[in-house]
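> Have a look at this one.
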Amino acid sequence: MRGLATRHGGDDLMLLGLGMVPTLVASSPRAAQAVLCTHDQSLASRPRSIFGDILGFAPYGDGWRQAKKLVTTHLLNTKKVQSYRAAREEEVGVVIDKIRRAATAGEALDLGELLSSFTTDMVSRAVVGRSIRVDGLDKVFKEVMDASMAVLAGFNLENFYPGLANVGGGVLMWPGRRKAERLRDRWDEVLDKVIDQHASVAAAGAPPAHHDSDFTHVLLSVQGEYGLTRDGIKGILADMFAAGTDTAYLVLEFTMAELMLHQDVMARLQAEVRSSMPKDHQELMTEEYLTGMPYLKAVIKETLRLHPPSPLLLPHQSLEECTIDGYVVPAGTTVFVNAWAIGRDPRLCGDAAEEFMPERFINKGATEGVDFRGIDFQFLPFGSGRRMCPGMNFALANVEIMLANLVCHFDWEMTAGANEIDMTEVFGLTVHRKEKLILTPRLPSCVAQPLEG
Ligand code: HEM
């Protein structure tokens, strides 16, 4: 899309026809501001999703407004995110133990797979509570989640040729719909069990203290106040998985890949993290150690600038006709904001815009002080405006603590025979690395001794 914008004479706003659907693409901070701020309300809907419409894929309206309010007020507010600190540290501990065993045995690891399990487990902990490993629920969630992401990332004919959806009674849509229905049934089955189990705990009169309660408890406790149906609760919980797992692990995996390619950055980051590591080197870096780590935060920002997991955000849709920069944008237009191209624009980041240079975010660098929240529309990994990601703080808390521990406790090497990291990206709803990130962890002499047993 960046190439297309360049061929259009560098137009930062393009109105195209993709299939039968008009499509507006914004590729500069100015155009992003027009879409996400000036015309935010007119462009705040979403195209239809094969999975239906609860929150992330819901059309703009009362249902979406209520679900978003509920999620931002009760599930993902700052206090709630802090309340998951112990769970975060416990889950990081599980991963670090696995890596330590591999390091002791001299084995290589599929780091992406490990980090993907970590972010799924973190969302599972938030949704279900401590008991995710009981009955293998962690594995069930991961399996259903991976299958759902594959369907969501696939091509949905209906979004580009809406008329074809009804041809022959919708026969062209049957295979995709059947797959989506089977998955919806699977989500229903798993989440029904979770809700029943939580309802019986509450009925027994022993609900957890509010600060300690998981998403399911919270949603059951406000069900009356918000008039939530059981399907509404299941939809919100499933949405937390869909939006919150793939995205955060991609940030961690891309960061580690970039660090392997930029050993000078790795060394500076390790120096920062290790300078404040616990005296007992076996101990985890817990969250109180992270406050004085500006370089860690700059490294994460730089990864999000070059590799935003949702490079075009999620598609928006116009609710009504509006005129932007002289373009008449009809109702029903699909709208993309090219956060990937904006992050790499040399007009904002200078000539080295394609380089991985966390320094640009600190010490009077070109983008020092630029915020995650998209306030200046030049850094938009979480979007901006009405449809902005409500899970930003939850995601960043997970990414920071995991990354600090990965670089604190281990040195990392490429596997024998590999002499470079392939950074080829595969574009879908989220951007993945084409190749797995297989690395060998080593225990540095300054850190931990091998585990016994
Ligand atoms: C690094 C991790 C993450 C990134 C980069 C990210 C990015 C995004 C982006 C770009 C959007 C679309 C914004 C738009 O269309 O304007 C979005 C929406 C959303 N995200 Fe995230 N996200 C992340 C993690 C999470 C987490 C952990 C959760 C929840 C636990 C979450 C929940 C949501 C929801 C519910 C929406 C839909 C909001 C709406 O449509 O109103 N996200 N996210």
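Where a number appears in this text, it was derived from the coordinates with a stated rule and is not lab data. Note that the structure is predicted; figures quoted are calculated from it, not measured. Using ideal geometry, Cβ is built from the backbone for each residue, glycine included, and neighbour counts are taken over all protein chains shown.
> At 0.36 nm per residue, minus the direct Cα-Cα distance, what do Thr73 and Glu113 gain on full extension? Give it in nm, one decimal, please.
Working: separation 40, 0.36 × 40 = 14.40 nm, distance 3.20 nm.
Value of the extension gain: 11.2 nm.
> Can you give the FRET efficiency to the nearest 0.05 for Asp325 and Ser275, using r as the Cβ-Cβ distance and R₀ = 35 Å?
Numbers: r = 50 Å, r/R0 = 1.42.
Efficiency, from the Cβ-Cβ distance: 0.10.
> While we're looking at this one, here's another question. Test of the criteria: in region 297-364, which GluC sites (Glu not before Pro) are in a DSSP loop and have at most 15 other Cβ atoms within 10 angstrom of their Cβ? Each step should come with its number before you reach the end.
Values: sites: Glu302, Glu320, Glu321, Glu354, Glu355, Glu359; in loops: Glu320, Glu321, Glu354, Glu355.
Here the sparse-neighbourhood loop sites are Glu320, Glu321, Glu354, Glu355.
> Suppose every K and R has +1 on its Cβ and every D and E has -1 on its Cβ; what is the size of the dipole of region 1-442 about the Cα centre, in Debye to the nearest 20?
Values: 46 positive and 57 negative charges, 128 e Å.
Dipole about the Cα centre, nearest 20: 620 debye.
> Once the convex hull of the alpha carbons of region 404-445 is built, what does its volume come to per residue, in cubic angstrom? Before the final figure, lay out the partial values.
Details: hull volume 3.4 nm³, N = 42.
For region 404-445, the hull spanned by Cα atoms encloses 82 Å³ per residue.
> Calculate, in nm to one decimal, what Glu420 and Lys434 gain on full extension: separation in residues at 0.36 nm each, minus their alpha carbon distance.
So the extension gain works out to 3.7 nm.
> Let me ask you something else. What FRET efficiency comes out for the pair Arg182/Gln223, r = Cβ-Cβ distance, R0 = 25 Å, nearest 0.05? Could the numbers behind the result be given before it?
Working: r = 28 Å, r/R0 = 1.10.
Using R0 = 25 Å, I get an efficiency of 0.35.
> On to the next question. Give the residues of region 357-385 whose amide nitrogen is closer than 18 Å to a point set 7 Å from the Cα of Cys37 in the direction of its Cβ.
367-385
> Within a Cβ distance under 9 Å of Arg88, other residues only, what is the Lys/Arg minus Asp/Glu net charge?
Numbers: positive: Arg85, Arg125; negative: Glu89, Glu90, Glu91, Glu287.
For residues surrounding Arg88, the net value is -2.
> OK, next. Taking just the C-alpha trace of the chain, give me its Rg and Dmax in Å.
Gyration radius and largest Cα-Cα distance of the chain: 22.5, 70 Å.
> Arrange the following residues from fewest to most other Cβ atoms within 10 Å of their Cβ: Met285, Met256. Display every interim value, and only then the final one.
On the way: Met285 26, Met256 23.
With the sparsest Cβ surroundings first, the list reads Met256, Met285.
> Now a separate question. Would region 221-331 count as rounded, prolate or oblate if I go by the C-alpha gyration tensor, calling it rounded below 1.5 in a/c and otherwise prolate when a/b exceeds b/c, oblate otherwise? Write out the running numbers ahead of the final one.
Numbers: a/c = 3.15, a/b = 1.53, b/c = 2.06.
Here region 221-331 falls in the oblate category.
> Also: Per 0.36 nm of contour for each residue apart, how much would the distance between Asp351 and Arg230 grow if the chain were fully extended, relative to their Cα-Cα spacing? Show your work: numbers first, answer last.
Details: separation 121, 0.36 × 121 = 43.56 nm, distance 5.29 nm.
Full-extension gain reported as 38.3 nm.
> For region 344-453, what value does the Rg/Rh ratio take when both radii are computed over Cα atoms and Rh is the Kirkwood radius, given to two decimals? Can you show the working numbers first?
Working: Rg = 18.0 Å, Rh = 17.6 Å.
Result: Rg/Rh = 1.02.
> What's the ranking of 328-336, 344-352 by average number of surrounding C-beta atoms within 10 Å, highest first?
On the way: 328-336: 18.8, 344-352: 14.0.
Averaged packing, sorted descending, gives the order 328-336, 344-352.
> What does the charge add up to near Lys68, with Lys and Arg as +1, Asp and Glu as -1, over the other residues with Cβ less than 9 Å from its Cβ? Intermediate results must be reported in sequence, preceding the final value.
Details: positive: Arg65, Lys69, Arg386, Arg387; negative: none.
Charge balance in the 9 Å sphere: +4.
> So, one more: For the ranges 135-148, 97-110, 228-241, what's the packing order if you count other beta-carbon atoms within 10 Å of each residue, average per peptide, and put the highest first? Numbers along the way, then the final one.
Numbers: 135-148: 17.1, 97-110: 15.4, 228-241: 20.0.
Most protected by this proxy first, the peptides run 228-241, 135-148, 97-110.
> Moving on. Quick test of the membrane-span-like rule: which DSSP H helices of the chain reach at least 27 Å along their long axis (C-alpha atoms) with mean Kyte hydropathy at least -1.0?
Numbers: long enough: 85-105 (30 Å, -0.30); 174-203 (41 Å, -1.02).
Flagged H segments are 85-105.
> I've got another one for you. Provide the FRET efficiency to the nearest 0.05 for the Glu143-Ser200 pair, computing r from the beta carbons and using R0 = 25 Å.
Numbers: r = 25 Å, r/R0 = 1.00.
The pair Glu143/Ser200 has a calculated efficiency of 0.50.
> Continuing with this model, one more query. Which whole-number percent gives the relative contact order of the chain, counting Cα pairs below 8 Å spaced six or more residues apart? Intermediate values should be presented prior to the final figure.
Details: 654 pairs, mean separation 117.9, N = 453.
That works out to 26 percent.
> Further, regarding this structure: What order do you get for Lys297, Lys193 when you list them from fewest to most C-beta neighbours inside 10 Å? Could you put the intermediate results ahead of the total?
Working: Lys297 17, Lys193 14.
Neighbour counts put them in this order, fewest first: Lys193, Lys297.
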